[in-house]
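Okay, so here's the structure we're looking at.
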Amino acid sequence: MKVFPRLKSLSRAVHQEQEEEEKERNKYPRIKIQEEEGSLKSTSLTVWRKSLVMNCKGFTVIGSHGNLVYRVDNYIHNPNELVLMDASGNSLLTMCRRTKKLGWVDSWYVYEGEVGSSTKKESPICCVKKHVSILQANPNVQAYVYRGASSCAAAFTVEGSYAQRTCKVLDECGSEVAEIKRKEANTKNFNVSFGIDIFQLVVHPGFDPAFAMALVLLLDQMFS
């Protein structure tokens with residue numbers, strides 16, 4: 001298996017960008033938050049719509065210091081099942097598509113760990129449904145996230161446009177918990193060109209970054 005050499009360049013660019021942002025922040029006085037400072041920071045991830053493995057479709061997710069955080073490699077090319085892995089290849093979340101008889105609504109169930117498609121499914125963490133404009137009026141909504149498998153009220157709503165990489169995940173109160181946005185290229189030190197295949201995922205405190213990345217994968221399945 002060959003690893004794309006461009007990953008090294010991307011990791012260096014992300015790390016360099018983080019260092020420059022830190023230097024810029026240090027120019028000004030900041031309010032010191034002691035024990036609670038870590039819990040108040042948002043997590044910024046660079047998402048690359050490319051697998052590390054040749055001839056495989058997937059995703060590579062880089063942390064703020066250029067380290068590999070998550071990966072997705074579709075070896076079997078199963079369009080109805082996705083597995084989100086950590087940097088070591090351990091399965092974190094499995095997403096399985098379920099189609100109704102009429103096939104109108106694109107629904108995915110999210111499970112902890114790895115769940116074989118041929119085995120009996122345990123209770124899912126949540127159900128993610130694609131917004132259908134015929135049934136619901138708000139054209140800004142991309143998808144709804146429901147707790148478990150039978151909840152009637154949406155726990156989270158995804159609004160914006162995944163195709164343009166401008167999405168926000170909102171909770172029941174309308175507060176933003178995560179955001180997908182375009183990543184600006186830092187051409188000052190590295191020749192890295194960012195398009196829609198390399199973008200940024202910002203996860204606010206209290207929201208699970210792995211679950212936020214799972215939502216990215218499902219939006220990509222629904223709208224790519």
Output the residues belonging to the stretch 52-74 that are polar (S, T, N, Q), over 18 Å from ASP220 (Cα atoms) and at pLDDT below 85. ASN55
Selection from the stretch 53-67 of residues that are surrounded by fewer than 19 Cβ atoms within 10 Å (Cβ to Cβ) and either in contact (Cβ under 8 Å) with a residue 60 or more places away in the chain or more than 21 Å from VAL203 (Cα to Cα) (or both): VAL53, MET54, ASN55, CYS56, LYS57
If you go through the stretch 90-97 one residue at a time, do you hit one that is of a type in the set (A, V, I, L, M), more than 18 Å from LEU215 (Cβ to Cβ) and at pLDDT 85 or above? no
Quick check: anything in the stretch 168-188 among the charged types (D, E, K, R), at pLDDT 80 or above, assigned to a loop (DSSP other than H, G, I, E, B) and buried (at least 16 other Cβ atoms within 10 Å of the Cβ)? yes
So, of the residues in the stretch 110-136 that are charged (D, E, K, R), assigned to a loop (DSSP other than H, G, I, E, B) and at pLDDT 60 or above, which turns out to be nearest to ALA149 (Cα to Cα)? GLU122
Subset of the stretch 69-89 [closer than 21 Å to ASP208 by Cα and of a type in the set (A, V, I, L, M)]: VAL69, VAL72, LEU82, VAL83, LEU84, MET85, ALA87
Residue list for the stretch 56-84, restricted to those being in a loop (DSSP other than H, G, I, E, B), within 28 Å of THR99 (Cα to Cα) and in contact with a Lys or Arg (Cβ under 9 Å, 6 or more places away or on another chain): HIS77, PRO79, ASN80
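The values are calculated or read from the model by the stated rules, or taken from the named source; none is laboratory data. Remember, it's a predicted structure, so these values are computed and weren't measured experimentally. Every residue, glycine as well, gets a Cβ built from its backbone with ideal geometry; the counts of neighbours run over all protein chains shown.
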